[in-house]
Amino acid sequence: MKLFVGLDVSLEKTATCVISEHGKIVREAQAASEPEALARWIGDLEGTIAVVGLEAGPLSQWLHRGMTEAGLSVVLMETRQVKGALKAMPIKTDRRDAEGIARLLHLGWFRPVHCKSVSAQEVRALLSARKAVQQGFITLELSLRGLLRNFGLKVGAISRGRFEHRIRELTVDNP
């Protein structure tokens, strides 16, 4: 029997729903949001896993990679499309969302999303961290300029390497 597994991922727990090829709910549960725990839970099911689906989100690429390495057929589903399909449900719970995802898999009403490679994720994380540090420096510099301006101390246009020296120069006689 073919099984379609829908996962609604949260930080700590993932709601799971398994639907048979005939559209009947076979099993529902919660598991830890860890690739090993989910792969183990899915591996205990009786039947052939057609596909495991989860909505693209913060943990989804990590879970996708881990479950794929465990030999499961996993698909990331386009977030806006899943949200649009699930918003028609009158009662919104993690359990119901997992069921809705499983039903979308069963019916084939989803658009898969590409899962980025680990190296691409690492480069993106590095660039995001760099941008955050740069924005922090810029915000701090602008704050210092504004604070000093209240006392008539004008930093002026200077290079980034001379900023600290200029601040110390302006405040040398002002405790």
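The values are calculated or read from the model by the stated rules, or taken from the named source; none is laboratory data. Quick caveat, the model's predicted, so the values are computed rather than measured. Note that we place each Cβ from the backbone using ideal geometry, even for glycine, and neighbour counts take in every protein chain shown. Please note that ligands, DNA and RNA were not included when accessible areas were found on the heavy atoms of the full protein model with its side chains. Shrake-Rupley method; radii C 1.70, N 1.55, O 1.52, S 1.80 Å.
Worth pointing out:
- With contacts taken as Cα pairs under 8 Å and at least 6 residues apart, the chain reaches a relative contact order of 21 percent.
- Applied to the range 55-69, the Karplus parametrisation 6.51 cos²θ - 1.76 cosθ + 1.60 on θ = phi - 60° returns per-residue 3J(HN,Hα) values of 6, 4, x, x, 9, 5, 5, 5, 5, 4, 4, x, 6, 5, 5 Hz, with x for Gly and Pro.
- Segment residue 158-residue 2, length gained on full extension (0.36 nm per residue, minus Cα span): 49.4 nm
- Annotation: the antiparallel percentage among DSSP beta bridges lying fully within the range 1-102 is about 60.
- Per-peptide average of other Cβ atoms within 10 Å, ordering 141-151, 78-88 highest first: 78-88, 141-151
- Amide H contacts under 5 Å for residue 33: 13, 14, restricted to partners 5 or more places along the chain or on a different chain, H placed in the peptide plane at 1.01 Å from N.
- Percentage relative contact order, the range 77-167, counting C-alpha pairs under 8 Å, at least six apart: 24
- Accessible surface, per residue, of the chain when the full set of protein chains is kept, probe 1.4 Å, Å²: 64
- Recomputing mean projected area of the Cα convex hull in nm² from the coordinates shown identifies the correct label among (i) 15.4; (ii) 10.7; (iii) 13.3 as (i).
- For the residues 153, 11, 76, a GNM of the chain with alpha-carbon springs under 10 Å puts the largest fluctuation on 153.
- For the range 114-175, the Kirkwood radius over C-alpha pairs fed into Stokes-Einstein at 25 °C and 0.890 mPa s yields D = 174 µm² per second.
- Karplus (6.51, -1.76, 1.60) ³J(HN,Hα), θ = phi - 60°, over the range 78-88, in Hz, Gly and Pro reported as x: 4, 4, 5, 5, 5, 4, x, 6, 7, 5, 6
- Multiplying the residue separation of residue 80 and residue 123 by 0.36 nm and removing their Cα-Cα distance gives an extension gain of 12.9 nm.
- Paramagnetic label zone (point 7 Å from Cα along Cα-to-C-beta, residue 111; backbone N under 12 Å) in the range 56-84: 77-84
- Residue-by-residue Karplus 3J(HN,Hα) for the range 153-169, coefficients 6.51, -1.76, 1.60, Hz, glycine and proline x: 9, 9, 6, x, 7, 9, 6, 4, x, 9, 4, 4, 4, 5, 5, 5, 4
- GNM top mover of 57, 66, 156 - the chain, alpha-carbon springs below 10 Å: 156
- On the basis of the beta-carbon distance and an R0 of 30 Å, residue 69 and residue 130 show a calculated FRET efficiency of 0.55.
- Length gained on full extension, residue 95 to residue 147, computed as 0.36 nm times the residue gap minus the Cα-Cα distance: 13.5 nm.
- To put it simply, the accessible area of the chain at a 1.4 Å probe is 55 percent carbon and sulfur.
- Here the Gaussian network model covers the chain, with springs between Cα atoms less than 10 Å apart; of 42, 91, 19, 91 fluctuates the most.
- Folded to 0 to 90 degrees: helix 94-107 orientation relative to the chain principal axis, Cα: 60
- Between residue 140 and residue 172, the modelled labels are 2.3 nm apart [label points 7 Å from Cα along Cα→Cβ].
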